[in-house]
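Asker: Below are the structure tokens for one structure; questions will follow.
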Amino acid sequence: MLAKRIIPCLDVKDGQTVKGVNFVNFRAAGDPVELGAAYSRQGADELVFLDITASHEGRKTFTDMVQKVAARIDIPFTVGGGINELSDVDVLLKAGADKVSINSAAIRNPNLIDSIAKSYGNQVCVVAIDAKLEQNGEWVCYLNGGRIPTDRTLFEWALEAQSRGAGEILFTSMSHDGVKQGYPNDALRRLTDCLSIPVIASGGAGSKEHFKDAFVEGHADAALAASVFHFGEILIPELKAYLRAEGVVVR
Amino acid sequence: MSIAVIKYNAGNIHSVVHGLRRIGVEPIVTDDFRVLRAADKVIFPGVGEASSTMAYLRAHQLDQLIRSLTQPVLGICIGLQLMCRHSEEGDVDCLGIFDADVKRFVSERIQDKVPHMGWNTLQQTQTDLLKDMEAAYVYYVHSYYASLSSQTIAVTDYLNPFSAALHRDNFYATQFHPEKSGMAGAQVLKNFLLL
């Protein structure tokens, strides 16, 4: 059976991981390559590295990091942040990334999805969607890390992204992210059940049960989290043992 | 030991180079016929579309070269598919090394996602390439698969059982990516080097 995937996400600024880390005794806790390798050893199924640097210099540093990750780590990894055009994708794939994640740029220029899929295959193109549940009950998509609302809504945008060639949807609920009260399982289920491509749930994990709920109730294909892993609140081997005992298929 | 990786127009060839380096081997990436023929082992990797990669192989006579190799050869992902008889992707005749045809996954229910992406298990494993790999999880990302045949040496079940790996004479191939399959994948690469 295809296993449900557990995906730690690392925010990288100027070549260093941003969020604090205290889950193991690391010589280089801030080094994303070392951290990624440690997660891989612990049983992470994939990794996501997000570049949160704005500067040109920072981009170069990030690309160097991608090369080091590709050489060192033996599980698939996705990179995102600051990808605006096909040439950005080309640089990151040549550096060794398996997939790229595009967010605001895809909403601003949906043709970017078509171009990536046509040039490199659907499996390379992860479309990340930041959405927020508004008072009127609509899930509205946001740009620029959740600062600018758009006229797009989650379900119609995800379907369009799929039809343009997205290989996966990474859905972050801004209403749940960082709150540690669980993933938005109703919206997740509606999303996964209307798409024929895999959905990665992101934002909201605070306990092992939350992961189970995302898989069992939300029908998610994968679950992404950051701080619960970085701060050692949840250890991947224990999480997988728990999920297995609950009947969720994991590696 | 000399390991050659076939250079052609498929993507992601370098991921297997990294995988080999991690187990202590430095491969040569080349399309030089003499180097490929002389290598102790040849790897035919890549991610790509069947008809365009097959057209490239024919245009460069790499199709004939690959068929004529006598040392152990390992195809990976699109490499496996191109070593089959025919692929539905672009309706193209392939190298015909394996008696299997490549078909697209048909999803009859919305929850059956295509591509098949992620970690799945190997079953009915045979040959030294897959020694101790029974029930191991390996990483897949593909929308087309090779049908089962008498040359199937491992089965994975996704929507239907398909050839996770194939073997005939000196030719081996895996649909999964050993270079992205953690420790299990590294073991498959090590096993190949011992063949």
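Asker: Collect residues whose amide H, placed 1.01 Å from N in the peptide plane, falls under 5 Å from the amide H of A:LEU170; neighbours closer than 5 in sequence don't count.
Answerer: A:VAL127, A:ALA128, A:ILE129, A:ILE200
Asker: What value, in deg cm²/dmol to 500, does the helix sum -39500 (n - 2.57) over DSSP H runs of n ≥ 4 give at 222 nm once divided by the residues of chain A?
Answerer: On the way: 10 runs with 97 residues, N = 251.
Result for chain A: -11000 deg cm²/dmol, rounded to the nearest 500.
Asker: Per residue of the stretch A:106-120, what does 6.51 cos²θ - 1.76 cosθ + 1.60 with θ = phi - 60° give for ³J(HN,Hα)? Whole Hz please, x for Gly and Pro, Karplus curve as stated.
Answerer: 6, 6, 5, 9, x, 4, 4, 4, 4, 5, 5, 4, 5, 7, 10
Asker: No solvent, one uniform scatterer per C-alpha: report log10 I(q)/I(0) for the protein assembly as shown via the Debye equation at q = 0.09, 0.13, 0.14 1/Å, two decimals.
Answerer: The Cα Debye sum returns log10 ratios of -0.55, -1.17, -1.35.
Asker: Separate question: What are the ³J(HN,Hα) couplings of the stretch B:115-125, residue after residue, when phi is run through the Karplus curve with 6.51, -1.76, 1.60 and θ = phi - 60°? Round to Hz, x for glycine and proline.
Answerer: x, 6, 10, x, 9, 9, 9, 9, 10, 6, 6
Asker: Cα centroid distance between the stretch B:28-48 and the stretch A:33-112, in Å?
Answerer: 28 Å
Asker: Tell me, what is the Rg over Rh of the stretch B:3-194, with Rh the Kirkwood radius over Cα pairs?
Answerer: Working: Rg = 15.2 Å, Rh = 16.3 Å.
That ratio is 0.93, to two decimals.
Asker: Once you sort the root eigenvalues of the Cα gyration tensor of the stretch B:87-195 as a ≥ b ≥ c, which label holds: rounded (a/c under 1.5), prolate (a/b larger than b/c) or oblate (the other case)? Don't skip to the answer; put the middle values down first.
Answerer: On the way: a/c = 1.93, a/b = 1.25, b/c = 1.55.
Note, shape of the stretch B:87-195 comes out oblate.
Asker: Right, another one. Kindly count the pairs of lysines across the stretch A:5-245 whose alpha carbons are less than 13 Å apart, treating pairs on different chains or eight or more residues apart as eligible. All intermediate terms of the calculation are to be shown ahead of the outcome.
Answerer: On the way: A:LYS13/A:LYS60; A:LYS60/A:LYS68; A:LYS68/A:LYS94; A:LYS180/A:LYS208; A:LYS208/A:LYS240; A:LYS212/A:LYS240.
The result is 6.
None of the figures in this text is laboratory data; all of them are computed from the coordinates on show. From a predicted model like this one, the values you see are computed outputs, not experimental measurements.
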